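The values are calculated or read from the model by the stated rules, or taken from the named source; none is laboratory data. Since the structure is predicted, the reported quantities are computational estimates derived from the model, not experimental observations. So basically every Cβ, Gly included, is an ideal-geometry build from the backbone, and we count neighbours across all protein chains shown. Surface accessibility is based on the protein's heavy atoms, side chains included, excluding ligands, DNA and RNA. Shrake-Rupley method; radii C 1.70, N 1.55, O 1.52, S 1.80 Å.
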Amino acid sequence: MSIELRFDFQQGGFSTKLELELASNGITAIFGPSGSGKTSLLRAIAGLDHHQGSFVSVSGIIWQDGNHFVPVHKRPLGVVFQQASLFSHLDIMENIEFGRKQAGLPMGNNETSSIIEMLDLRNLLHRRPANLSGGELQRVALARALTVEPELLLLDEPLASLDEKRKNEILPYLETLHRESKIPILYVTHSLNEVSRLADQMVVLEGGEVVASGTVVELFSRMDLVMGQDDQASTLVDTEVVKHDDRFGLSTLVCSGGDFTVAKFDAAIGSVARLRVFARDVSVTLSRQMDTSIQNIFDVKIVDFKPQGTAHVLVSLDFSGQALFARLTQKSFSELDLNPGKKVFAQVKSVALVA
Amino acid sequence: MLTPDDIEALTLTLKLAAVSTVILLLLGTPLAWWLAHTRWRAKFLIESVIALPLVLPPTVLGFYLLLALGPNGIAGGSTLAFTFFGLVVGSVIYSLPFVVQPLQDAFINVGRRPLEIAATLRTSPIRAFFSVAIPLARPGFITAAILGFAHTLGEFGVVLMIGGNIPGKTRVASIAIYDHVESLEYAQAHILAAVLLVISFVMLVAVFILNRRFRTVRL
């Protein structure tokens, strides 16, 4: 069972024309610049906008086709917008349980309690929305959307209106939600950071059309997409935590291409960790450097390259199925005589642990 | 002190204002909702008609109402002229902008977002209207109710035209004051005028206290 979508509509001077089949679990990021039709797409899926000729089916249930249109309030979904928009005439608990009350679901149930626990809202329940911070409001909005037992959760740039500090306060909650949630989540965003931290799958939109869709790891490794442009160029590597070393304060993560040694962090052995490796932190040598301070060195093969600006070239590298980008100067690219197919060593100066 | 006649006029005035306010809210709410949400381009025509009582001499309004509600009027020989219910009809039309405009502003202020959120939370449009739109538009309702009531209290020209001056039926406080002045009973006029002044002042103070931000009627 999955989510099937077909849209072809014009709205506010923008057109959307796409056909998608989305995963029925995990987080799928809908990524694109502003004006790419992300929000229109989400609103159309929710049924907030009614476009003739669209098709929406979730888990085998048709929400919209040529013949019928299930109104929003009869769709088993949860939505969180960029602005929390809590009901200002209700307190936090009443906000959280609003949907349950309307749907005639039992109040004060265990699921609601665990959602309140998960989002750390216990101490806010009797406050008014006017007295909460932006981050707290957004957590309440998330709880409110979850308590109605949705079968699909739609998040429309839920962090975009928050400053960096607040974003970082909420991201861990979204990560927890990602781990614990059994329903598919569509996450609209223009932030690659959020995509790398939260999403499993992604759809790249441009001008209302799907430019690419697939796993996040796969799409990040494509040089032709926006993720492969300028200094944001980076790849994602999903690894498993295998060892913590207390003496040097290091953790060892393993992926199919080899081991990464990173600063020790708190994670159970066997748990999954996702690394984001920026192209600017990767350099290439022809022989394995022994007298270097760099810990993470891998045998890799050059797959492809693409000039970046006038001085640089972005090189994509493969190590046993994993992808890395290296951002080199054109001068060294030419002096080292690098070409697709050539085997080299990649030195990874630093990695970011994103999930 | 107030004479029994004056008390009767005051009671009638309050009753007229109360009945009119209830009817105004019942009529004004859907009308204001529609005006706040319609995308119809010519809605300004409806808005202008509703705003007419703000600029029209009440006698003009009263005159047409008299023609319409009288025995040979377009209302099909209705006998509403010179009755209490005729006054109610007149008051409702006369005070409509004072109720519709604050409500329309309040609904616009609430916006579509809370209703969309409610829809995503299993709430039908009707239920969303009652459980979200109306509570959030509360300041507008307070303003509308009080302005509608206060404005009806002060009605004179329309009443004079369609209600006449029948004690106990159509003789409201403002008419009674006029009568007293005509008969040079300034003391009686004073008392009645002061009562109206105090009631109106107290109600406007109430609007300010309850809403803090007081949006006046716009034209």
- Message: Please return the longest range in chain A lying between exposed loop sites, taking trypsin sites (Lys or Arg not before Pro), DSSP loop only, at most 10 other beta-carbon atoms within 10 Å, and leaving the sites out.
- Response: A:1-181
- Excluding A:THR112 itself, what net charge comes from residues whose Cβ is under 13 Å from its Cβ, given Lys and Arg +1 and Asp and Glu -1? -1
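What value, in deg cm²/dmol to 500, does the helix sum -39500 (n - 2.57) over DSSP H runs of n ≥ 4 give at 222 nm once divided by the residues of chain B? Can you show the working numbers first?
Numbers: 10 runs with 156 residues, N = 219.
Mean residue ellipticity at 222 nm (helix-derived): -23500 deg cm²/dmol.
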- Message: Take B:VAL181 and A:ALA352, extend 7 Å from each Cα along the Cα→Cβ direction, and tell me the distance between the two endpoints in nm.
- Response: 7.7 nm
- Message: At a threshold of 8 angstrom on Cα-Cα distance, excluding pairs fewer than six apart, so keeping six or more, what relative contact order does the range B:99-150 reach in percent?
- Response: 56 percent
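Treat every Asp and Glu Cβ in the range B:131-219 as -1 and every Lys and Arg Cβ as +1, leave all other atoms uncharged, and give the resulting dipole magnitude about the Cα centre to the nearest 20 debye.
Values: 7 positive and 4 negative charges, 129 e Å.
About 620 debye.
Might you tell me the accessible area per residue for chain A, computed with a 1.4 Å probe and given in Å²? Don't jump to the answer; show the numbers that get you there.
Details: 15860 Å² over 355 residues.
Spelled out: the 1.4 Å probe surface of chain A, per residue, equals 45 Å².
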- Give me a single rounded figure for A:77-87: the average over its residues of other chain Cβ atoms within 10 Å of their Cβ. 3
- Item | Whether the range B:137-211 is rounded, prolate or oblate, judged on the alpha carbon gyration tensor where a/c under 1.5 counts as rounded | oblate
- Cα-based helix-to-principal-axis angle, B:4-37 vs chain B, degrees rounded to 10: 20 degrees
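Keeping the other protein chains in place, figure out the carbon and sulfur percent of the accessible area of the range A:102-244, with a 1.4 Å probe.
Percent of accessible area from carbon and sulfur atoms in the range A:102-244: 45.
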- Message: Can you show me the helix-derived [θ] at 222 nm for chain A, built from DSSP H runs with n ≥ 4 at -39,500 (n - 2.57) apiece and divided by the number of residues, rounded to the nearest 500.
- Response: -6000 deg cm²/dmol
- Cα convex hull of the range B:79-182, projected area averaged across orientations, nm²: 8.2 nm²
- Which whole-number percent gives the relative contact order of chain B, counting Cα pairs below 8 Å spaced six or more residues apart? 31 percent
- Ordered by packing density, taken as the mean number of other Cβ atoms within 10 Å over each peptide's residues, highest first, how do B:140-152, B:105-117 rank? B:140-152, B:105-117
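Please identify the DSSP H helices in chain A that span no less than 15 Å along the helix axis (Cα) and have a mean Kyte-Doolittle hydropathy of 0.0 or more.
Within chain A the helices that satisfy the rule are A:134-146.
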- Task: State the extension gain, in nm to one decimal, for the chain segment bounded by A:ARG288 and A:ASP318, taking 0.36 nm per residue of separation less the distance between their alpha-carbons.
- Result: 9.2 nm
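Return the FRET efficiency for the residue pair A:PHE248, B:LEU204: r is the Cβ-Cβ distance, R0 is 60 Å, and the value is rounded to the nearest 0.05. Mind dumping the intermediate values first?
On the way: r = 75 Å, r/R0 = 1.26.
In this case the efficiency is close to 0.20.
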- Over the C-alpha atoms of the protein assembly as shown, what are the Rg and the largest Cα-to-Cα span, Dmax, in Å? 34.3, 116
- Proximal charge balance of A:VAL303 [Cβ under 12 Å; K/R count +1, D/E count -1]: +3
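Return the value, in Å² to the nearest 100, of accessible area buried between chains B and A (probe 1.4 Å, both sides summed). Write down the numbers at each step before the final one.
Details: alone 11770 and 16730 Å², together 26700 Å².
Between B and A, the summed buried area is about 1800 Å².
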- According to a simple spin-label model (label point 7 Å from Cα along Cα-to-Cβ), what is the distance in nm between A:GLN10 and A:GLU240? 5.4 nm
- Task: Find the relative contact order for chain A and round it to a whole percent, using C-alpha pairs within less than 8 Å whose residues are 6+ positions apart.
- Result: 16 percent
- For chain A, size of Cβ-based charge dipole, Lys and Arg +1, Asp and Glu -1, in debye: 340 debye
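Between rounded, prolate and oblate, where does the range A:315-355 land on the alpha carbon gyration tensor, with a ≥ b ≥ c its root eigenvalues, rounded for a/c under 1.5, else prolate if a/b exceeds b/c? If you can, show how the numbers build up before the last one.
Numbers: a/c = 2.76, a/b = 1.58, b/c = 1.75.
Oblate, because a/c is 1.5 or more while a/b does not exceed b/c.
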- Query: In degrees from 0 to 90, rounded to the nearest 10, what is the angle of the helix B:138-153 Cα long axis to the longest principal axis of chain B?
  - Reply: 20 degrees
- Message: Nearest 10 degrees is fine. How inclined is helix B:58-69 to the longest principal axis of chain B, computing both from alpha carbons?
- Response: 90 degrees
- Quote the convex hull volume per residue of the range B:1-135, based on C-alpha atoms, as a whole number of Å³. 159 Å³
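Go ahead and run the numbers for FRET between B:LEU25 and A:ASN109, Cβ-Cβ distance against an R0 of 35 Å, rounding to 0.05.
Details: r = 38 Å, r/R0 = 1.08.
Efficiency, rounded to the nearest 0.05: 0.40.
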- Query: Which of the residues in the range B:86-119 show a loss of at least 50 Å² in accessible area from their chain by itself to the complete set of protein chains, at a probe of 1.4 Å?
  - Reply: B:ARG113, B:GLU116, B:ILE117
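If I take R0 = 51 Å and measure r between the Cβ atoms of A:THR310 and A:ALA160 in this structure, what FRET efficiency does the formula 1/(1 + (r/R0)^6) give, to the nearest 0.05?
0.95
Order the following by accessible area, largest value first: A:PHE325, B:PHE98. Probe radius 1.4 Å; ligands, DNA and RNA are ignored. Don't skip to the answer; put the middle values down first.
Details: A:PHE325 0, B:PHE98 40 Å².
Most to least solvent-accessible, the answer reads B:PHE98, A:PHE325.
Would you work out the charge dipole size for the range B:63-219 about its Cα centre, treating the Cβ of every Lys and Arg as +1 and the Cβ of every Asp and Glu as -1, and quote it to the nearest 20 debye?
Values: 11 positive and 6 negative charges, 186 e Å.
Charge dipole of the range B:63-219: 900 debye, to the nearest 20.
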